[in-house]
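The values are calculated or read from the model by the stated rules, or taken from the named source; none is laboratory data. This structure is a prediction, so every number in the text was calculated from the model and none was measured. Virtual Cβ from ideal backbone geometry, glycine too; neighbours counted across all protein chains shown. Surface accessibility is based on the protein's heavy atoms, side chains included, excluding ligands, DNA and RNA. Shrake-Rupley method; radii C 1.70, N 1.55, O 1.52, S 1.80 Å.
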Amino acid sequence: MSLSARVGARVLVVVLACLWGGAPRAQSPTVAPGARVLLDAHNAYPYEGRFADRIRRALATGVPVAIEQDLIWRVGPDGKGESVVGHDEDKVADAQTFEAYFFGTLRPVMEQALRAGRRDQWPLVVLNLDFKTNEPAHHASVRQLLSRHRTWLTSAPRTATPDVLAPLTLGPLLVLTGSNDVQQASFHDSLGEGDPVWLFGAYEAPPPPGDTAKERALALAGMSPETLMPARATNYRRWVNFPWLVVEAGGQTAAGDWTPADRARLDALVGRAHALGLLIRFYTLNGHAPAADQGWSKGYNFGSLERAAVRWRAARAAGVDFIATDQYEAFRASTGESRP
């Protein structure tokens, strides 16, 4: 059996076990900040003809799980556009469409979840959309795509009081998107009162001080949690998304030994987010030798698996909702179950 086939078979076994195994648990606030700590499968899409199995690998580690997809609007010679998964606009000529790659891969899991009806476990998958291009046509296409899969989706009604969180109706899939104001206009503000909100945005942190990119990056670790997160969650903006630079000055490549001060900083950031009703994500925590690189960003590398793993475990202990890494299997082996 090929590696792809083995991964696919394991996905079905793991997911079905999660859906059907054991006695039903009591209803739990699965979308409340701090309720669950999830692996966030960073950049889980094909890249330059490689890594087509990344979603299957993420699912094979067990659900619940978060999965990131970067989206680019590709316009063909006929002038028609489509949303495709990819990181760079100049490298998506042969990229798979968002619909075919993500929804096509996830369909068996979602359909089984709907049949099982285990709502106490929903959402099983949190989809994190990183729009690399923000054309109105792109946003409209994605919302139309979500509409065709509305039975999968976690939603909230658009209300006349956007600063107040409306209750969520849980589905097996929760969709998050970024902090871009144009996204809010497309996915929330343009909706009529009572229409379902299917994508939930992040807050943009205030810009750090400094005259250069390096100075601004270093300044992030000195900004207070109150400065970084000044506002409570709203009906649309329900999460925050930070680089590891806000925890350790200089980020992954400059990180020293993990210290009690680092742990206190992480705890303070997570505590502030959760007190404001916000889910919190940190990106991207990798640790590997250069020879083990699989197209991963060098700036995300702590330099060894052990150095990354101590931070994975610290983030789990702190209650970080989404811990982004490219090393899905190593993360799961190091931290164990998704739920605290």
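Tabulated results
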read-out: Flag for Ala255 being surrounded by 15 or more Cβ atoms within 10 Å (Cβ to Cβ) and either at pLDDT below 95 or over 22 Å from the mean Cα position of the chain (by Cα) (or both); value: yes
read-out: All positions within the range 320-334 that are in contact (Cβ under 8 Å) with a residue 60 or more places away in the chain and not small (Gly, Ala, Ser); value: Val320, Asp321, Phe322, Ile323, Thr325, Asp326, Tyr328, Glu329, Phe331, Arg332
read-out: Enumeration of residues in the range 287-340 that are open to solvent by 40 Å² or more (accessible area, probe 1.4 Å) and among the aliphatic types (A, V, I, L, M); value: Ala289, Ala291, Ala292, Leu305, Val310, Ala317, Ala333
read-out: Count of residues meeting criterion [open to solvent by less than 70 Å² (accessible area, probe 1.4 Å) and closer than 30 Å to Arg316 by Cα] in the range 56-85; value: 16
read-out: Residues located in the range 148-175, provided they are open to solvent by 80 Å² or more (accessible area, probe 1.4 Å) and more than 15 Å from Asp120 (Cα to Cα); value: Arg148, Arg150, Thr151, Asp163, Val164, Pro167
read-out: Some residue of the range 261-276 being without any contact (Cβ under 8 Å) to a residue 40 or more places away in the chain, out of contact with any Ser or Thr (no Cβ under 8 Å at 6 or more places or on another chain) and farther than 27 Å from Asp163 by Cα; value: yes
read-out: Cross-chain or 6+ apart pairs with Cβ under 6 Å, the range 214-229 first and modelled with pLDDT under 95, then crowded, with 17+ Cβ neighbours inside 10 Å and charged (D, E, K, R); value: none
read-out: Any chance Gly178 is in contact with a Phe, Trp or Tyr (Cβ under 7 Å, 6 or more places away or on another chain), without any contact (Cβ under 8 Å) to a residue 60 or more places away in the chain and open to solvent by less than 30 Å² (accessible area, probe 1.4 Å); value: no
read-out: Out of His188, His139, sole residue that is outside any loop (DSSP other than H, G, I, E, B) and touching a helix residue (DSSP H, G or I) at 6+ places or on another chain (Cβ under 9 Å); value: His139
read-out: Close pairs from the range 302-319: first touching a residue at least 12 places away in the same chain (Cβ under 8 Å), partner acidic (Asp, Glu) and assigned to a helix (DSSP H, G or I), Cβ under 6 Å, at least 6 apart; value: Ala318/Asp267
read-out: Residue within the range 57-64 that is within 13 Å of Phe131 (Cα to Cα), among the hydrophobic types (A, V, I, L, M, F, W, C) and modelled with pLDDT of 95 or more present; value: no
read-out: Selected residue [within 20 Å of the chain's Cα centre (by Cα) and open to solvent by 60 Å² or more (accessible area, probe 1.4 Å)] from Lys214, Lys132; value: Lys132
read-out: Flag for Ala233 being open to solvent by less than 10 Å² (accessible area, probe 1.4 Å), touching a His at 6+ places or on another chain (Cβ under 6 Å) and either in a loop (DSSP other than H, G, I, E, B) or within 28 Å of Leu174 (Cβ to Cβ) (or both); value: no
read-out: Number of the exception - Ala23 against (1) small (Gly, Ala, Ser); (2) modelled with pLDDT under 95; (3) surrounded by 18 or more Cβ atoms within 10 Å (Cβ to Cβ); value: (3)
read-out: Boolean, Trp239 is over 15 Å from Leu39 (Cα atoms), in contact with a Ser or Thr (Cβ under 8 Å, 6 or more places away or on another chain) and open to solvent by less than 10 Å² (accessible area, probe 1.4 Å); value: no
read-out: Meets criteria (open to solvent by less than 10 Å² (accessible area, probe 1.4 Å), more than 26 Å from Ala318 (Cβ to Cβ) and out of contact with any Cys (no Cβ under 6 Å at 6 or more places or on another chain)) for Asp88; value: no
